[in-house]
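This structure is in structure tokens; I'll ask about it shortly.
The values are calculated or read from the model by the stated rules, or taken from the named source; none is laboratory data. What you are looking at is a predicted structure, and each value in this text was computed from that prediction instead of being measured. Reconstructed Cβ throughout: ideal geometry from the backbone, glycine too, with neighbour counts over all protein chains shown. Ligands, DNA and RNA are excluded from the accessible area calculation, which covers all protein heavy atoms including side chains. Shrake-Rupley method; radii C 1.70, N 1.55, O 1.52, S 1.80 Å.
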Amino acid sequence: MTLGGVSRLALVGYRSFSASQVPRMHSYCFTPSTSRQMSTDMKSITTKLRSSGLLRSQGLIGGKWTDAYDGKTLEVLNPATGEVVADVSCMGRKETNDAISSATDAFSSWSKVTAAERSKCLRKWYDLLIAHKEELGQLITLEQGKPLKEAIGEVSYGASFIEFFAEEAKRVYGDIIPATLSDRRLFVLRQPVGVVGAITPWNFPLAMITRKVGPALACGCTVVIKPSEFTPLTALAAAELSLRAGIPPGAVNVVMGNAPDIGDALLASPQVRKITFTGSTAVGKKLMAGAAATVKKVSLELGGNAPCIVFNDADLDVAVKGALAAKFRNSGQTCVCANRILVQEGIYEKFANAFSKAVQDLKVGEGFTEGAVQGPLINQAALEKVERFVQDAVSKGAKVLLGGRRHSLGMTFYEPTVIGDVKNDMLISREEVFGPVAPLLRFKTEEEAIHMANDTSAGLAAYIFTTNVQRTWRVSEALEYGLVGVNEGLISTEVAPFGGVKQSGLGREGSKYGMDEYLEMKYVCLGDMNRN
């Protein structure tokens, strides 16, 4: 079985890049000609990481660190500098099939381990993630580019899923059903689905793994992780810590490299009973189609087009602070970023001025620079996409209020940008920009705002800023989104369900509801064996 049109973009973990924008090296392990030799500072950091055992370059199959069978490697680059951080194994179909076999063998024993024992292993993994949060944060900054403080924050956030599901492992309950006949007993079991293929993106290289692997292991499943080729180092470090935590060999496997081959193997294998994916809607649709051949369970967290609605009665300071957090975290490279900021006409000018001033104060810099809060975009394709969206808006009458060009730092840095007078038909309103660009749109009435917000095929996250309690209820219920933040720009948490509606995905991650994605329900009817 092949994925056809998904090959090139497939399974790399992209959100919104087209196939033509994906560098060829990330499908075929070519070495990029733009890479630079490592600086003295980065050598010092990587030396310390390597001595700690957390800078791994091989895949993990059956508890053993393994090179690609053909010896091929690919370069992991620091997007802020272009320096080569490490050469990692470039794996494909054969390695993935072996990882699946390893996970299958481990499932037969891990699924029978008591919930209390699984909980202890996960808790130990959490403790190790927190104990090494500085090193893990450095790895994230090196390969993904986000500022170190934000990267360490991701480690804490990612680890919180392991802690939560360590506790939730002990709460997988069944049911007793009152029987319709006196000599029958009816009950429902909830059992692990089996081997899980977890395909994760580059924007949160730890948290997107723990949010999937935590509940999978808690339920008794085993996993084959396919991280983005841009950010495999964090995944490998997390896997190393899972081994140290006592999670048995084969329960967690990591393969990276030739994305189409890895994806084909995961989809074709009847032993893989579930695919969990975070990435673009286009790739999610291909995965749904590919999973049909073996009727796998699928959970998808896909692209967004988040509206951030600021009403006339909003507290201006709260709205500016919340919109800033919702838009510019991780340089705008998050699935729940405010992609459109809808501002009611009575407060539009005040908000635009205050918001632009706040954005102007954001310090841009390489991730290890003191005080930097905005890092680079992940690669050249991402930079060119942001430029294309801004150019389209300006050509159709939008006005650049701040920024609007590449940053003087070079590489893939882009200035934090605010664009005014944006219309609903502009590209930046219709598609996910995935960069540090905030488009401002005017609206007149509550009804118009709701219509504008819902006028998209996406439905992941939305934000509201208002001091009117009745409006809070009305608008929250009317918005066609899986998550709604009210007077708050940072809404993701391990204790609440995360996921979208419409073409933003299927299923939920995090919270007690996230366990359901990794469980099957079995009904048992017990008859009276002693009856005549």
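Please give the helix 380-395 orientation as an angle from the longest Cα principal axis of the chain, in degrees from 0 to 90, rounded to the nearest 10.
Roughly 40 degrees, rounded to the nearest 10.
Return the calculated 222 nm mean residue ellipticity for the chain, to the nearest 500 deg cm²/dmol, obtained by summing -39500 (n - 2.57) across DSSP H runs with n ≥ 4 and dividing by the residue count.
Calculated mean residue ellipticity at 222 nm is -11500 deg cm²/dmol.
Still on this structure, I have one more. Would you please classify the overall shape of the chain from the alpha carbon gyration tensor, given that a ≥ b ≥ c denote the square roots of the eigenvalues, rounded means a/c under 1.5, and beyond that prolate means a/b larger than b/c while oblate covers the rest?
oblate
If you take every DSSP beta bridge fully contained in the chain, what fraction is antiparallel? Give it as a percent rounded to 5.
40
Next question, about the same structure. Go through region 65-75 residue by residue and turn each phi into a ³J(HN,Hα) via Karplus (6.51, -1.76, 1.60, θ = phi - 60°); whole Hz please, and just put x for glycine and proline.
7, 10, 6, 4, 5, 9, x, 6, 9, 9, 8
Right, something else. Cα-Cα over 25 Å: which of LYS170/LYS286; LYS363/LYS502; LYS170/LYS212? Before the final figure, lay out each step's value.
Working: LYS170/LYS286 35 Å; LYS363/LYS502 36 Å; LYS170/LYS212 17 Å.
Listed pairs above 25 Å: LYS170/LYS286; LYS363/LYS502.
Once amide H atoms are placed 1.01 Å from N in the peptide plane, what residues at a sequence separation of 5 or more from SER228, or on another chain, have their amide H within under 5 Å of its amide H?
So SER228 has HN proximity to THR200.
Helix 133-144 against the longest principal axis of the chain: what's the angle in degrees, Cα atoms only, rounded to the nearest 10?
Tilt relative to the chain: about 60 degrees.
Oh, and also: Can you work out ³J(HN,Hα) from phi for every residue in region 449-459, in order, using Karplus 6.51 cos²θ - 1.76 cosθ + 1.60 and θ = phi - 60°, giving whole Hz and x for Gly and Pro?
Result, rounded to whole Hz: 4, 5, 4, 4, 5, 8, 7, 7, 7, 8, x.
Ordered by residue, what ³J(HN,Hα) values in Hz, to whole numbers, does region 46-54 give under the Karplus form 6.51 cos²θ - 1.76 cosθ + 1.60, where θ = phi - 60° and Gly and Pro are x?
5, 4, 5, 5, 5, 5, 7, x, 9
Skip the ligands, DNA and RNA, and give the accessible area per residue of region 115-177 with a 1.4 Å probe, whole Å². Mind dumping the intermediate values first?
Numbers: 2520 Å² over 63 residues.
Solvent-accessible surface per residue comes out at 40 Å².
Which of rounded, prolate or oblate describes region 339-460 when judged by the alpha-carbon gyration tensor and an a/c cut-off of 1.5?
Numbers: a/c = 2.04, a/b = 1.55, b/c = 1.31.
Because a/c hits 1.5 or more and a/b exceeds b/c, region 339-460 counts as prolate.
Among the listed pairs LYS64/LYS149; LYS43/LYS72; LYS297/LYS385; LYS327/LYS444; LYS133/LYS296, which are separated by more than 28 Å between their Cα atoms?
In this structure, LYS64/LYS149; LYS297/LYS385; LYS133/LYS296 lie more than 28 Å apart at Cα.
Next up: Accessible area per residue of region 276-421 at 1.4 Å probe, in Å²?
Heavy-atom SASA per residue in region 276-421 reads 36 Å².
Compute the angle between helix 232-244 and the longest alpha-carbon principal axis of the chain, please, reported from 0 to 90 degrees and rounded to the nearest 10.
40
If you don't mind, another one. Using packing as a proxy for protection, rank 486-496, 53-63 so that the peptide with the highest average count of other Cβ atoms within 10 Å comes first.
Details: 486-496: 16.4, 53-63: 20.4.
Most protected by this proxy first, the peptides run 53-63, 486-496.
Can you pull out the trypsin sites (Lys or Arg not before Pro) in region 73-146 whose DSSP state is coil and whose Cβ has at most 10 other Cβ atoms within 10 Å?
Answer by residue number: LYS112.
Sticking with this one: Can you send over the carbon and sulfur percentage of the accessible area for the chain, probe radius 1.4 Å, protein chains only?
Roughly 52 percent of what the probe reaches on the chain is carbon or sulfur.
Starting from the amide H of VAL252, placed 1.01 Å from N in the peptide plane, find each other amide H under 5 Å away whose residue is 5 or more places distant or on another chain.
Those lying under 5 Å, H to H, from VAL252 are VAL223.
Assign unit charges at the C-beta atoms only (+1 for Lys and Arg, -1 for Asp and Glu), then state the dipole size of region 377-502 relative to its Cα centre in Debye, rounded to the nearest 20.
340
Hey, can you grab everything whose amide H is under 5 Å from the amide H of LEU77? Only 5+ residues off in sequence or another chain; H modelled, so Pro and N-termini drop out.
Amide H neighbours of LEU77: VAL85.
Let me ask you something else. Under 1.5 on a/c is rounded, so check that first for region 101-181, then, if it is not, pick prolate when a/b is larger than b/c and oblate when it is not; a ≥ b ≥ c are the square roots of the alpha carbon gyration tensor eigenvalues.
Prolate, since a/c reaches 1.5 and a/b exceeds b/c.
Return the whole-Å distance between the Cα centroid of region 54-82 and the Cα centroid of region 402-443.
After rounding, the separation between the Cα centres reads 35 Å.
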